[in-house]
Amino acid sequence: MASPFLFLLLLHLSLLSLLSHSTNPDFHPLMSFKASSDPSDTLSQWNSTTSNPCTWYGVSCLRNRVSRLVLEDLNLTGSIHPLTSLTQLRILSLKRNRFNGPVTSLANLTTLRLLFLSHNNFSGHFPAALTSLYRLNLSHNSLSGEIPATLSRWTHLLTLQLDSNRLQGRIPSNINLSHLHDFNVSNNLLSGQIPESLSAFPGSAFSNNPSLCGAPLRECKAKSKNKSKSKGEAVIPALASPLKPRSDSDSGRPRRRERIMGVLVLIGIVVGDVVVLGLVSLLLYCYFWRNYSAAAELRKEGKERRRSWKMVDDGMVFLEGVRRFELEELLRASAEMLGKGAFGSAYKAVLDDGTVVAVKRLKEVSVGGKREFQQRMEVLGRLRHCNVVSLRAYCFTKDDKFLVSDYMCNASFSFLLHGNRGPGRTPLEWTMRLKIAAGAARGVAFIHKHKLTHGNIKATNVLIDVAGNPRVADFGLSIFATASTFRSNGYLAPEVSDGRKQTQMSDVYSFGVLLIEMLTGKCPSAVGGGHEAAVDLPRWVRSVVREEWTAEVFDLELMSYKDNEEEMVALLQIAIACTATEPHQRPTMSHVVKMIEELRGVQMSPCDEGLDSLSESLSVPEARATQ
């Protein structure tokens, strides 16, 4: 009786094994690759008894399909052709092996983004049909032939390393890859002039190509030779011709022509200088006029109300109890407008003693009375945290309300992320983005701990101080907001857009949008660009993650950080959790802080040790404050 049962059990297990193999279409291509490329059985874990190839060494999967294959320094050989069946492959790294022969066509790998085949013995021509790549490293092989002109279609390319091969011919002159920031074709047999679009790369990127010239290498001589040759061809026949003797009138024409050309050149230089001088003057005028206008606006308002303000003994209140300057001094300070936000305009003010402060003039606010305003400012002014901008003083009069806080000299996160996109821009590196995410999360969590709501979380309200630390600004003012204060800016939670008041859970949603903005490099409400309608950024991210591969959402500037891809995906998952449609489905900010810190084992900030230092009596519940 036991034997038939045992037979049926073994048959069942075999069928399960075959079924598991058949359900993963990448199983057989991987086994075929091992059979042809691993004569030493280095990949011994890859065998038919292992039911799931996603658990094999060097293999990573997404939705049960191989998305990443990293097999480096394993002495593998042969061809990589079997891997062309891995149609969901995004990352392929076979560095430092012994693969040979031509790089097989990878046209089937339409999702491939990162390809690293350096330090092998590949030969033949440059591979085609790789226009979707972000990073390509074919260095230290035996590739020959020319670099194809079709390379200009690889518009996503960030890295192109072709050094130490046998490539010949010219570098295509039509190459203009705007995102390319890592390029190397040194140690080849290239010739001709370096395209101007690549001249900004260092000389080491082109070295050891004896026939290559042009910036940043030596100047090409062919051009000057052609010029002298063309001049010689024009002069020699005239001198050698016996049919037309040279006359004084003939010799006079070139001289007159030269004089005329000299005058025209001189006029051109003078006109050019005048135009340049005019442009510089215009730029300086605009710059100083902006500062002057901001200062004039602040001074004009001060002059109009200075007399009435002097009658108010407690008009300027210093929250630390130490009067650092007089209201009169603030009003006559030189000022520069920093921008306009939901609650009014912000200025940079330089006092007589050189002290620099930020002044915010509240505009679109609804304050019930002076006592309510003072209570709120007292609460906000006592919050001290290294990731929160400190409120130092405030001024309340019948007509105006000013807030004075520390000035942050290193701009906003919005400027660092979006400013100067294009040539010459210094990308915001991943480590700094993660630092800003962690610091901003701590700052918001600190505000929440004291039963307050930020109410206006966005990239322009995350400022960077002199030490490079992120600080959350413009918090706690949402209780004074009017119906028109918050317009659709892409950060508002769905429940706030429907007219309900700001809560800590709506803050979490806004922070989640901030994280998505950090990861995608896209401004909220601006996805799609151009004249297309605004798109909800969290909804767009969910659709891309659902329909394609998660990394499609990431900022192109982050694609060079391939070693941090898991951190990016983890932070994206946190952002998606924060932007859940229902408020009760979102994590608390304290939980968000823990999840971000766990990405790299980030240590708690020294200033977080004082989270409990403020008495709970300082906190004013939101419900009472709005009465």
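The figures follow:
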{"read-out": "Residue ID - farthest from GLN168 (Cα to Cα), chosen from residues in the range 95-138 that are more than 27 Å from the chain's Cα centre (by Cα), assigned to a strand (DSSP E or B) and of a type in the set (S, T, N, Q)", "value": "ASN100"}
{"read-out": "Contacts under 9 angstrom Cβ, first residue in the range 499-510 being free of Cβ contacts under 8 Å to residues at least 24 places away in the same chain, partner surrounded by fewer than 20 Cβ atoms within 10 Å (Cβ to Cβ), 6 or more apart", "value": "GLY499/ALA483"}
{"read-out": "Residue among ALA580, ALA570, ALA575 that alone is part of a loop (DSSP other than H, G, I, E, B), at pLDDT 80 or above and of a type in the set (A, V, I, L, M)", "value": "ALA580"}
{"read-out": "Options VAL462, VAL388, VAL367: the member that is over 21 Å from PHE325 (Cβ atoms) and assigned by TED's automatic domain parsing to the domain that holds LEU556", "value": "VAL462"}
{"read-out": "Selection count, the range 130-151, where residues are surrounded by 15 or more Cβ atoms within 10 Å (Cβ to Cβ) and among the small types (Gly, Ala, Ser)", "value": "3"}
{"read-out": "Boolean, TRP540 is surrounded by fewer than 20 Cβ atoms within 10 Å (Cβ to Cβ) and modelled with pLDDT of 75 or more", "value": "yes"}
{"read-out": "Residue in the range 434-446 that is assigned to a helix (DSSP H, G or I), at pLDDT below 90 and surrounded by 19 or more Cβ atoms within 10 Å (Cβ to Cβ) present", "value": "no"}
{"read-out": "Leading residue by the ranking (surrounded by the fewest Cβ atoms within 10 Å (Cβ to Cβ)) among those in the range 552-569 that are within 9 Å of the chain's Cα centre (by Cα) and in contact (Cβ under 8 Å) with a residue 60 or more places away in the chain", "value": "LEU556"}
{"read-out": "Scan of the range 603-627 for residues that are at pLDDT below 50 and not in a helix (DSSP H, G or I), ordered by number", "value": "GLN603, MET604, LEU611, ASP612, SER613, LEU614, SER615, SER619, VAL620, PRO621, THR626, GLN627"}
{"read-out": "Which listed residue, of ALA200, ALA222, is modelled with pLDDT under 85, over 29 Å from THR426 (Cα atoms) and not β-branched (Val, Ile, Thr)", "value": "ALA222"}
{"read-out": "Residue that is in a strand (DSSP E or B) and surrounded by 23 or more Cβ atoms within 10 Å (Cβ to Cβ), where the choices are LEU463, LEU452", "value": "LEU463"}
{"read-out": "Qualifying residue in the range 585-601 (condition: part of a helix (DSSP H, G or I), at pLDDT below 60, in the same structural domain as HIS448 (by TED's automatic domain parsing) and surrounded by 13 or more Cβ atoms within 10 Å (Cβ to Cβ))", "value": "no"}
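Okay, residues lined up against (1) surrounded by 16 or more Cβ atoms within 10 Å (Cβ to Cβ); (2) of a type in the set (A, V, I, L, M, F, W, C); (3) assigned to a loop (DSSP other than H, G, I, E, B); (4) free of Cβ contacts under 8 Å to residues at least 40 places away in the same chain:
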site	(1), (2), (3), (4)
LEU157	yes, yes, yes, yes
LEU167	yes, yes, no, no
SER173	no, no, yes, yes
PHE183	yes, yes, no, yes
SER191	no, no, no, yes
PHE201	yes, yes, yes, yes
SER204	no, no, no, yes
ASN208	no, no, yes, yes
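The values are calculated or read from the model by the stated rules, or taken from the named source; none is laboratory data. Everything numeric here is computed off the predicted structure, so don't read it as measured data. Neighbour counts are summed over all protein chains in view; Cβ atoms, including those assigned to glycine, are modelled from backbone coordinates with ideal geometry.
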